[in-house]
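Read the figures in this text as sums done on the coordinates, not as results from a lab. Worth saying up front: this structure is predicted, and the values here are computed from it rather than measured. Counting neighbours? That spans all protein chains shown, and the Cβs are built from the backbone with ideal geometry, glycine included.
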Amino acid sequence: MSAVLLILALTVGVYAVAVLEDWASHNRLRLLGPVISTLALLGQESVLHRKNDRLFFETAPILLLVGALLSLAIIPLAPGLIVTDLATGALFFNAALAYVLVALIMAGWGPDGAYGMIGGWRFLGQLIAYAMLVVMPITTVAMRAESLSTITIVESQAQLWNIVYQPLGFVLFAIAGMAMAFVPPFDLPNAEGELAGGVEAEYTGVRRMVFRLGRMVLILSVASATTVFYLGGWLGPWLPDWAWSAIKILAVTALMLAGGRMLPRVREGTLLAWAWKLGIPLALVNIFLVGVLVLVVPL
Amino acid sequence: MSLQVFFLLAFGGAAVWFGIVVFLTHSMVRSALALLFSQTAIGAMFLVMQAEFLGVLQIMMMATEMSIMAIFMVMFMMDPGGLGEMDMKHQRKTSLAAGLVAFFGALAVAVFADWGPLATDIPDAGEQVRLLGFELLGRSMLIFESAGLTILTAMIAATALAVQARERGAKA
């Protein structure tokens with residue numbers, strides 16, 4: 001039963017993210033937009049480049065989708081409504097999403113096109129900026145919960161959500177999460193208008209559809225992780241547990257997509273400089289502060 | 001043969017096969033990613049052997065490390081795409097001999113070493129993480145701290161060298 005519910009939640013979630021992304025980019029709320037796009041992509045010819053690296057070209061969209069799906073496996077929507085409650089859940093989330101990078105490098109290298117290749121390697125630079133800022137705030141979340149299990153992490157926020165207990169960590173994680181899902185202003189690998197779609201540029205038809213689907217699951221996964229780590233997951237009054245999870249995840253997605261759209265795209269050099277000169281020292285300060293808080297005010 | 005042994009053999013075979021692919025391909029990127037999937041298969045072996053933390057850590061670390069290696073190989077090699085069919089093997093006989101000696105050496109250690117009694121009560125994954133934490137901040141602290149410091153020194157030295165090289169280039 002819970003397996004059916006989880007698949008249903010995933011389908012609805014991905015559809016909602018697709019509608020929200022369309023709304024954030026075009027300022028129009030089209031509820032049937034994703035259906036029309038899917039049909040259009042299914043009808044489109046799948047073009048294959050000359051001198052491509054076929055193996056990478058074909059594997060990349062699938063690897064992106066699989067990595068993003070695996071990362072969702074440790075996200076609890078309600079007590080008991082989770083694919084698997086791993087003892088290393090918070091770490092597993094990172095491990096699964098590390099393969100997004102591999103997928104984008106493959107997608108950039110595979111089709112033998114300049115825009116794609118620049119996009120793929122750019123994401124590697126982006127990873128060097130955001131990777132530590134994802135892991136270090138998660139460390140403090142685990143410090144408070146005294147566990148890496150995502151269910152224990154949500155339960156540890158029963159008295160006070162982490163967004164209040166460790167606001168600095170939340171800000172860092174939210175920014176790094178946006179860079180991880182390459183949503184604007186961190187959409188360096190597919191920068192439309194500059195790289196003509198970058199890693200996605202050479203993909204058409206069904207392959208592009210799988211790629212876009214993977215991207216939607218990735219955005220959903222980052223929003224869900226933000227909810228679980230900082231916004232108390234399913235915790236909340238009156239409404240059922242799953243409803244709180246859904247509301248929070250969709251709200252985070254909407255804020256991420258709409259907020260990012262207002263900002264100018266960050267150059268990768270600037271992003272790296274900010275991440276290493278400002279972000280990582282702040283993340284270290286956060287670890288120290290939360291360490292003191294956990295000992296002095298154990299809420 | 002239990003399911004555990006079957007998966008251990010399957011992932012072990014995958015790790016060895018991807019290791020061989022590293023040398024079979026001409027493309028630098030394919031070679032780097034084949035090494036990545038070899039290491040990922042080793043991570044999966046850890047998972048099969050119920051060492052969850054080590055497995056997940058291995059799978060996570062290797063993805064970024066091997067990707068970074070791939071970009072360095074593309075930057076520094078003359079034929080990153082492998083279109084010129086550059087051979088990945090150098091000093092063929094010497095490396096083959098060294099590889100065989102290392103392989104049989106490792107095999108001998110595996111077969112003849114006294115591994116002690118087989119562990120029967122394996123702590124659950126959560127307990128393993130806790131014990132590993134105590135190990136890292138207790139008995140093994142000095143080793144890990146010195147390793148960390150060494151890596152940090154190497155990183156700073158590499159950055160310093162890279163910056164100097166760029167400045168020299170700019171002057172010329």
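So that you can scan it fast, the table gives a plain yes or no per residue for (1) among the polar types (S, T, N, Q); (2) under 25 Å from the mean Cα position of the chain (by Cα); (3) surrounded by 10 or more Cβ atoms within 10 Å (Cβ to Cβ):
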| site | (1), (2), (3) |
| --- | --- |
| B:E85 | no, no, no |
| B:Q91 | yes, yes, no |
| B:L96 | no, yes, yes |
| B:L107 | no, yes, yes |
| B:A110 | no, yes, no |
| B:A113 | no, yes, no |
| B:P117 | no, no, no |
| B:D121 | no, no, no |
| B:A125 | no, yes, yes |
query: Taking region B:25-57 as the search range and keeping residues that are touching a residue at least 24 places away in the same chain (Cβ under 8 Å) and within 8 Å of another protein chain (Cβ to nearest Cβ), which one is surrounded by the most Cβ atoms within 10 Å (Cβ to Cβ)?
result: B:L33
message: On the basis of being of a type in the set (A, V, I, L, M) and more than 22 Å from B:P80 (Cβ to Cβ), does A:M117 make the cut?
response: no
message: Whether any residue in region A:103-123 is outside any helix (DSSP H, G or I), within 18 Å of A:L148 (Cα to Cα) and either within 12 Å of another protein chain (Cβ to nearest Cβ) or within 19 Å of the chain's Cα centre (by Cα) (or both) is what I want to check.
response: no
Candidate set: region B:107-132, residues that are at the interface with chain A (Cβ under 9 Å from one of its Cβ atoms) and either in contact (Cβ under 8 Å) with a residue 60 or more places away in the chain or touching a Ser or Thr at 6+ places or on another chain (Cβ under 6 Å) (or both); chosen: the one nearest to B:L57 (Cα to Cα): B:V129
query: Considering only residues of region A:45-59 that are within 11 Å of another protein chain (Cβ to nearest Cβ) and crowded, with 18+ Cβ neighbours inside 10 Å, which is farthest from the chain's Cα centre (by Cα)?
result: A:D53
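What residue, of A:E155, A:E200, A:E146, is in contact with a Ser or Thr (Cβ under 8 Å, 6 or more places away or on another chain) and acidic (D, E)? Walk me through it before giving the result.
Details: A:E155 fails: in contact with a Ser or Thr (Cβ under 8 Å, 6 or more places away or on another chain); A:E200 fails: in contact with a Ser or Thr (Cβ under 8 Å, 6 or more places away or on another chain).
It is A:E146.
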- request: Give region B:133-148 a look and list any residue that's more than 20 Å from the chain's Cα centre (by Cα), of a type outside the set (S, T, Y) and more than 14 Å from chain A (Cβ to nearest Cβ), or say none.
  value: B:E135, B:G138, B:R139, B:M141, B:L142, B:E145
query: Among A:I163, A:I151, which is surrounded by fewer than 24 Cβ atoms within 10 Å (Cβ to Cβ) and within 14 Å of another protein chain (Cβ to nearest Cβ)?
result: A:I151
message: Yes or no: region A:78-88 includes at least one residue that is among the hydroxyl-bearing types (S, T, Y), in contact (Cβ under 8 Å) with a residue 40 or more places away in the chain, within 14 Å of chain B (Cβ to nearest Cβ) and over 23 Å from A:L257 (Cα atoms).
response: yes
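Determine, yes or no, whether A:R30 is charged (D, E, K, R) and either free of Cβ contacts under 8 Å to residues at least 12 places away in the same chain or more than 14 Å from every other protein chain (Cβ to nearest Cβ) (or both). Break it down stepwise before answering.
Numbers: charged (D, E, K, R): yes; either free of Cβ contacts under 8 Å to residues at least 12 places away in the same chain or more than 14 Å from every other protein chain (Cβ to nearest Cβ) (or both): yes.
In short, yes.
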